[in-house]
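A.B. asks: A single structure is presented below for examination.
A short reminder: the numbers here are calculations on the coordinates, not readings from a lab. Everything quoted here is computed from the prediction, not taken from an experiment. As a convention, Cβ positions derive from the backbone with ideal geometry for all residues, glycine included, and neighbour counts pool all protein chains shown.
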Amino acid sequence: MTDPRYGFSTRAVHADGLPRLAGEVAPALHLSTTFARGSDGALEGAHLYARLSNPNRDAVERTLVALEGGANAALAFASGLAAADALLSALRPGGGGIQGARVVVEQGAYYGVMRQFHALAAAGVEVVSADLTDSRAARAALTQPLHLVWCETPTNPLLGIADIALVASLAHAQGAALVVDNTIATPLLQSPLLLGADAVLHAATKALGGHSDLTMGVLLFADARHPLHIAAAAQRDLTGAAPSPFDCWLLQRGLATAALRVRAQEANARAVAEYLCGHAAVLEVIWPGLAAHAAAGIVAQQMRGGGSLVSVRLRGGDEGAARFMAALQLFTRATSFGGVHSLAEHRWRVEGAQSRTPHDLVRLALGIEDPADLLRDLAHALSAC
């Protein structure tokens, strides 16, 4: 069930390809760590050992390929950072890596990924940090031969938007592969591979799983023969960075309702963003779905919605943001996004002194609660600012 003529949710429900040996409707969970051989020594099925492959991992990878536009191969990992590390292993000098490698990374990329790039730089890779959401800065950064460009769009928490087609063209002109972190947008709202990217990363912990109860990462590739796919697959086997069968089963279950959840979250985000735009205590509202967003034109070209994150800057500054957070009753004060619970995070206080996030910014991650209840909670919290 990978036929693109079928809708997103139809593919999400039917693309796993697992046999229903007992006539079960829901996919079965396969917990075995090892698999039998016949009397001649040949494997009886497609699997040898769970670290290398497992029916549930195969099923969720098939489903992910069916959902991510332009994908021909998928690799599931124990976390998003494990997936990123497997990709970057192809660049490390020594051990099969590239001597003299040069890479460009979005300056607003996830802090865990940035730590990995700092480690690459310490190992001898030339790492250039650039604002790829600014087309002029992207053109200036991508002017020399490169090996890799790492783009995250939208960025977190400032929700900047990179022009994926432009960055892909610039990267390829310099001989580089383009990786796009598509976690915030999800495959429902954005298809980087169809815009020229070579690989896509998702922290499946977020909206793909959708219930804040699993930790996984996913890589998807336009071409299974791409060196990055080959290197990442080899690294997963070498390090044992594969997810458990149960987490794969949970992700499979989450994908079945992903479209319903993402659209409900987006509707809540729109209601929240529009409400906040008119409030006297608010300095700025950042949401890709707003017509006033700095990159609204690019959003209209490459996204199919604004997503579930809304960042709000409060006139009360750091202290006002702290009072706002303390007054919230329905929003949970927690990190992460993409789950069914609405969350709020005062990013500067969480990130600490090294943070580049404005002190007055609160990131709201919308869940699937009733919008009227969320707006009442926000109104109460804003009155405390």
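A.B. asks: Rounded to the nearest 0.05, what FRET efficiency do Asn72 and Ala292 have when you use their Cβ-Cβ distance and R0 = 41 Å?
C.D. replies: 0.60
A.B. asks: As an exercise, find the ratio Rg/Rh for the stretch 244-302 from alpha-carbon atoms, using the Kirkwood inverse-distance average for Rh. List each step's numbers first, then the result.
C.D. replies: On the way: Rg = 16.3 Å, Rh = 13.9 Å.
My calculation of the ratio gives 1.17.
A.B. asks: Using a 10 Å cut-off on Cβ atoms, rank the peptides 41-51, 75-85 from the highest mean neighbour count down.
C.D. replies: Going by the mean number of other Cβ atoms within 10 Å, highest first, we get 75-85, 41-51.
A.B. asks: Need one word for the chain: rounded, prolate or oblate. Basis is the Cα gyration tensor (sqrt eigenvalues a ≥ b ≥ c); a/c below 1.5 gives rounded, then a/b vs b/c decides.
C.D. replies: Numbers: a/c = 1.90, a/b = 1.31, b/c = 1.46.
Oblate, since a/c reaches 1.5 and b/c is not below a/b.
A.B. asks: State, to one decimal in nm, how far the label point of Ala353 lies from the label point of Arg304, with both points 7 Å from Cα in the Cβ direction.
C.D. replies: 4.6
A.B. asks: Can you say what percent of the DSSP beta bridges in the chain, counting only those with both residues inside, are antiparallel? Round to 5.
C.D. replies: Counting only bridges with both partners in the chain, antiparallel ones make up about 60 percent.
A.B. asks: Apply the a/c threshold of 1.5 to the C-alpha gyration tensor of the stretch 13-95 and tell me whether it is rounded, prolate or oblate. Walk me through the numbers before you get to the answer.
C.D. replies: Working: a/c = 2.48, a/b = 1.31, b/c = 1.90.
In terms of gyration-tensor shape, oblate.
A.B. asks: Roughly how many debye, to the nearest 20, is the charge dipole of the chain about its Cα centre, given +1 on each Lys and Arg Cβ, -1 on each Asp and Glu Cβ, and no other charges?
C.D. replies: The calculated dipole for the chain is roughly 120 debye.
A.B. asks: Can I ask one more? Taking a label point 7 Å from the Cα of Arg315 along the Cα→Cβ vector, which residues of the stretch 253-287 have an amide N closer than 13 Å to it?
C.D. replies: Residues 277-284 fall inside that zone.
A.B. asks: Evaluate E = 1/(1 + (r/R0)^6) for Glu44 and Arg253, where r is the Cβ-Cβ distance and R0 equals 35 Å; express this FRET efficiency to the nearest 0.05. Kindly include the intermediate steps, with their values, before the conclusion.
C.D. replies: Details: r = 28 Å, r/R0 = 0.79.
E between Glu44 and Arg253, to the nearest 0.05, is 0.80.
A.B. asks: Output needed for the stretch 239-385: three equivalent-ellipsoid semi-axes, defined as square roots of 5 times the C-alpha gyration tensor eigenvalues, in descending order, whole Å.
C.D. replies: Each semi-axis is the square root of five times an eigenvalue, giving 27, 19, 16 Å.
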